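Worksheet: the structure to be examined is printed underneath.
The values are calculated or read from the model by the stated rules, or taken from the named source; none is laboratory data. Please read all numbers here as calculations on a predicted model, not as lab measurements. So basically every Cβ, Gly included, is an ideal-geometry build from the backbone, and we count neighbours across all protein chains shown.
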Amino acid sequence: MDLVGKFLDYLRAERGYSGLTIKAYASTLQHLRDYIKSQDENLTWQTIDIDILRRWMAQRMQQGTNPRTIRRERSAVRSFYRYLMLTDVISIDPAHNLQVPKASKPLPAFLRKSQMNQLLDDIVSDDTSEESRDRMILLTLYSTGMRVSEIVGLDIEDVRLNEQNIRVIGKRNKERLIPITRELSLALQNYITELKSSPQRLTSALFVNSRGRRISVRQVQVLVKKYLSLVTAQQKRSPHVLRHTFATVMLDNGADLEAVRQMLGHESLATTQIYTHTTFEELRREYEKAHPRDSERA
């Protein structure tokens, strides 16, 4: 049995790896073996060096292989060479310092302004107190970019209508003030007036459930998904999508990046900068769709 076969048996018998993982490792090592032989017929697992492995990874990248896939392949190669070290087949591990490209982060999912307008306009908020609350939650998330845990933690006293802002307790109990629009301020004023007159209210929370107690994170997640499903078929339909939408809309309309960072409660400006990529990608799609030269080539 060759070295790869012995390695796969070791993973199966002694490490308890799943069949799918073993199959993936076998495919990776077969691909690497083919590459090695294409470079030099005389090369073996024992004689290749890190430069060969780097060139193989570079070829994988040039072929368009996803960086995450390359990271998994690198794990397979490193595991194989650790096994060869363990069994004294080699004395120097060529894969030990093998670096891989960082996996690119997916751009955040967000809704278009027209979708949010349709959603908020279609909710008849005076039908039931629950619909009124749901619309208020959606409008607040969209207008402030709060995290779901932050909106659940809001108390009535955190809404400062005279100062036109909301006091938010974010991660690590850090407090920040988020300015609010006139639309949101008026909506909150009416909502709070109705809430205070409700005999079922048993808490100081701004958003409550049908039993008059503070609404839970899970309840907000469920209701947001339900309403977003009315205007989008995209896979992600969570409260965080509304946070992404807030940031994207703000930057699209010329807001300062540092101001958006503060409103979102990000520690680093680098975290907020992902939304500049989102707005650029949206701009690029609109350009490709509208520019006559681009449409002629399509």
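Each row is one residue, and each column tells you yes or no for (1) of a type outside the set (S, T, N, Q); (2) more than 19 Å from R147 (Cα to Cα); (3) more than 21 Å from the chain's Cα centre (by Cα).
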{"site": "R211", "(1), (2), (3)": "yes, yes, yes"}
{"site": "V220", "(1), (2), (3)": "yes, no, no"}
{"site": "L228", "(1), (2), (3)": "yes, no, no"}
{"site": "Q234", "(1), (2), (3)": "no, yes, no"}
{"site": "H240", "(1), (2), (3)": "yes, no, no"}
{"site": "R243", "(1), (2), (3)": "yes, no, no"}
{"site": "T248", "(1), (2), (3)": "no, no, no"}
{"site": "D252", "(1), (2), (3)": "yes, yes, no"}
Next item on the list: Could you identify the single residue in K196, K236 that is at pLDDT below 95, farther than 26 Å from R112 by Cα and either among the charged types (D, E, K, R) or in contact with a Ser or Thr (Cβ under 8 Å, 6 or more places away or on another chain) (or both)?
Entry: K196
Next item on the list: Please find, among Q200, Q273, the residue that is within 24 Å of I123 (Cα to Cα) and in the same structural domain as R135 (by TED's automatic domain parsing).
Entry: Q200
Checklist line | Selected residue (only one of R60, R12, R78 is in contact with a Gly (Cβ under 9 Å, 6 or more places away or on another chain) and not in a loop (DSSP other than H, G, I, E, B)) | finding: R12
Checklist line | Evaluation of A187 against (1) over 22 Å from L223 (Cα atoms); (2) in contact (Cβ under 8 Å) with a residue 40 or more places away in the chain; (3) among the aliphatic types (A, V, I, L, M) (one fails), failing number | finding: (1)
Notebook entry, point to check: Among (1) at pLDDT below 90; (2) closer than 30 Å to L11 by Cα; (3) in a helix (DSSP H, G or I), where does I52 come up short?
Noted result: (1)
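Each row is one residue, and each column tells you yes or no for (1) modelled with pLDDT under 85; (2) within 27 Å of K225 (Cβ to Cβ).
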residue	(1), (2)
H244	no, yes
T248	no, yes
N253	no, yes
L257	no, no
M263	no, yes
E267	no, no
H277	yes, yes
R285	yes, yes
K289	yes, no
Next item on the list: Write out, first by first residue and then by second, each pair whose Cβ atoms fall under 7 Å of each other, whose residues are 6+ apart or on separate chains, and whose first residue, in the stretch 43-56, is surrounded by fewer than 12 Cβ atoms within 10 Å (Cβ to Cβ) while the second is not β-branched (V, I, T).
Entry: D49/P94
Notebook entry, point to check: With (1) at pLDDT 90 or above; (2) surrounded by fewer than 19 Cβ atoms within 10 Å (Cβ to Cβ) as the list, and Y81 as the residue in question, which single condition is left unmet?
Noted result: (2)
Next item on the list: Report yes if some residue within the stretch 199-216 is without any contact (Cβ under 8 Å) to a residue 60 or more places away in the chain, more than 17 Å from M263 (Cβ to Cβ) and part of a helix (DSSP H, G or I); otherwise report no.
Entry: no
Note to self: Within the stretch 135-185, take every residue that is of a type in the set (D, E) and surrounded by fewer than 21 Cβ atoms within 10 Å (Cβ to Cβ) and give me the one that is nearest to S204 (Cα to Cα).
What the structure shows: D155
Next item on the list: Could you please tell me which pairs satisfy a Cβ distance under 8 Å, a separation of 6+ or placement on different chains, a first residue in the stretch 58-82 that is closer than 13 Å to A95 by Cα, and a second residue that is part of a helix (DSSP H, G or I) and among the polar types (S, T, N, Q)?
Entry: E73/T28; A76/T28; V77/T28
Margin query: Go through the stretch 222-251 and report how many residues are part of a helix (DSSP H, G or I), in contact (Cβ under 8 Å) with a residue 60 or more places away in the chain, more than 15 Å from E131 (Cα to Cα) and of a type outside the set (F, W, Y).
Written below: 11
